[in-house]
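Peer 1: Next up is a structure, given as structure tokens.
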Amino acid sequence: MNAKVHELNAYKRLPLPVVSARGCHLVLSDGREVLDLYGGHCVNTLGAGDERLGAVIAKQWQTLSFATNLLDHPARQEFLRAFALNAPALSDADAAWEVFCSNSGAEANENAIKLALAATKRQRVIAFSGAFHGRTAAAAALTDNAALAFPHAPFEVVRLPWNQPEAVLAAVDERTGAVLLEPYQSLAGVTEPGAEFLRALRSSCDRTGAMLVFDEVQTGSGRLGQPWASQYLGVLPDIFTTAKGAAGGLPIGLTVVRAQHTKGLPGNLLGSTFGGGPVVLAAAAEVARRIAAPGFLANVRATSDALRKACLRGPVESVRGAGLLLGLVLKPEFTGAAVRNQLLAQGVLVGTSDDPRVLRLSPPLVLEPAAAKTLAYALESLEVRV
Ligand SMILES: Cc1ncc(COP(=O)(O)O)c(C=O)c1O
């Protein structure tokens, strides 16, 4: 007799029987189409089923499906070339970024903190209220949600209020190994960093030798209308991480560190069986080339402008965020989950956030400005009904 097998009950699923997807639309089992303004949690950079990405993945699978990290291969070299097209410029011409490939955002963050603590020989990490950095031991210790954490953090964690420059200036000192933040806090409700806050972060880390680490798991890969949040915000971190959309739908985590910080570290500090496999890297190279292609980021910015205008109606009081990571702040009489459900009934999928008054938009980056009309129409119809 077969054993019974159930899925562990980790997710509260939406009533959305999706059977396929194309571009920015999900197709439901009854044939209805839903406009996907959530983008699979920022993963579907190029939309669903992108043909060129599919062809790259299939070709790489047929050419070299997998190889141990002990071997070099053309897909890795091509990925590094493509990644360099968008990488933040470093002022010193001899300076370089080093990239370590893993499989998820949590892993990318774990590796970033491990590198920072090893490089500085310190044990303290500063993180912020509202932060989400993943669910593995180090990442969960830095996430601002005790329910997700292990019984003990693997290092000392100091939590500071978000967006308060004075708190940063007072707390970062010679005991601080890393200061980790999402440049825009997505799950918290797309909360924005102020210019003073960013200046305080960079200057405190410069003054004390702590590493400034940007978690660009959501804000990277073109999401803000620039390849990286550091370019959008004009502040360069020592280390940045990314995942989600970097390979357009295949699992990836990237930890990117200024080469000067890895000198003298043991080579085997980091490692991964699957991270840096040829198929994933071929996909990530294609995503990077597309982001670098003329017009791609201009479309992100144009669609962002159109969505911003379109959503200021019905239950929405204001909009925040940048590019295609937008937070719709609802009027006090509305709650995010109820509005999300009603939009879903009208054929538009948006995300909720930890702030019950904020909905999130994080659509595929290939969404075109004209799609904003569908959101406007759905929000307007909803005003009558809620
Ligand atoms: C900002 C941020 N960091 C880290 C993570 C963790 O990524 P993963 O689920 O790939 O481990 C997430 C996931 O939602 C995230 O939004």
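The values are calculated or read from the model by the stated rules, or taken from the named source; none is laboratory data. Keep in mind that this is a model prediction, so the values were computed, not measured. So basically every Cβ, Gly included, is an ideal-geometry build from the backbone, and we count neighbours across all protein chains shown. Calculation scope for accessible area: heavy atoms of the full protein, side chains included, ligands and nucleic acids excluded. Shrake-Rupley method; radii C 1.70, N 1.55, O 1.52, S 1.80 Å.
Peer 1: Let me make sure I get this right: for the range 123-279, a, b and c are the square roots of the gyration tensor eigenvalues over alpha carbons, sorted descending. Under 1.5 in a/c it's rounded, otherwise prolate if a/b > b/c, else oblate. Which is it?
Peer 2: rounded
Peer 1: Let me ask another. Using the Cβ atoms and a cut-off under 13 Å, what net charge is assigned to the surroundings of Ala171, where Lys and Arg are +1 and Asp and Glu are -1?
Peer 2: 0
Peer 1: Under the classification rounded if a/c is under 1.5, otherwise prolate if a/b is larger than b/c and oblate if not, where does the range 260-330 fall, given a ≥ b ≥ c as square roots of the Cα gyration tensor eigenvalues?
Peer 2: It is prolate, given that a/c is not under 1.5 and a/b is the larger ratio.
Peer 1: With runs of 4+ DSSP H residues as the only contributors, calculate the mean residue ellipticity of the chain at 222 nm using -39,500 (n - 2.57) per run, divided by the residue total and rounded to the nearest 500.
Peer 2: Helices in the chain give a 222 nm mean residue ellipticity of -10500 deg cm²/dmol.
Peer 1: Also, I was wondering about something else. Evaluate the relative contact order of the chain (contact order divided by residue number), counting alpha-carbon pairs under 8 angstrom at least 6 apart; express in whole percent.
Peer 2: After rounding, I find 23 percent.
Peer 1: Right, another one. Summarise the accessible area of the range 170-249 (1.4 Å probe, protein heavy atoms) by the percent that is carbon and sulfur.
Peer 2: Exposed carbon and sulfur together represent 49 percent of the surface.
Peer 1: With a sphere of radius 11 Å drawn around the Cβ of Trp162, what net charge do the other residues whose Cβ falls strictly inside it have (Lys, Arg +1; Asp, Glu -1)?
Peer 2: After counting each charged neighbour, the total is -2.
Peer 1: Figure the gain on full extension for Glu317 and Asn268 (residue separation times 0.36 nm, minus the Cα-Cα span) and round it to one decimal in nm.
Peer 2: Length gained, Glu317 through Asn268: 12.5 nm.
Peer 1: Follow-up. Using a cut-off of 9 Å between beta-carbons, work out the net charge of the residues near Leu53 (Lys and Arg +1, Asp and Glu -1, Leu53 not included).
Peer 2: It works out to a net charge of -1.
Peer 1: Taking springs between alpha-carbon atoms closer than 10 angstrom, which of Glu78, Glu286, Glu333 fluctuates most in the Gaussian network model of the chain?
Peer 2: Glu333
Peer 1: Between the alpha-carbon centers of the range 327-383 and the range 146-207, tell me the distance in whole angstrom.
Peer 2: Between the Cα centres of the range 327-383 and the range 146-207 lies a distance of 29 Å.
Peer 1: Can you tell me the accessible area per residue over the chain, all protein chains present, probe 1.4 angstrom, in square angstrom?
Peer 2: 45
Peer 1: Pairs of Cα atoms under 8 Å, at least six residues apart: use those to get the relative contact order of the range 91-239, whole percent.
Peer 2: So the answer I get is 21 percent.
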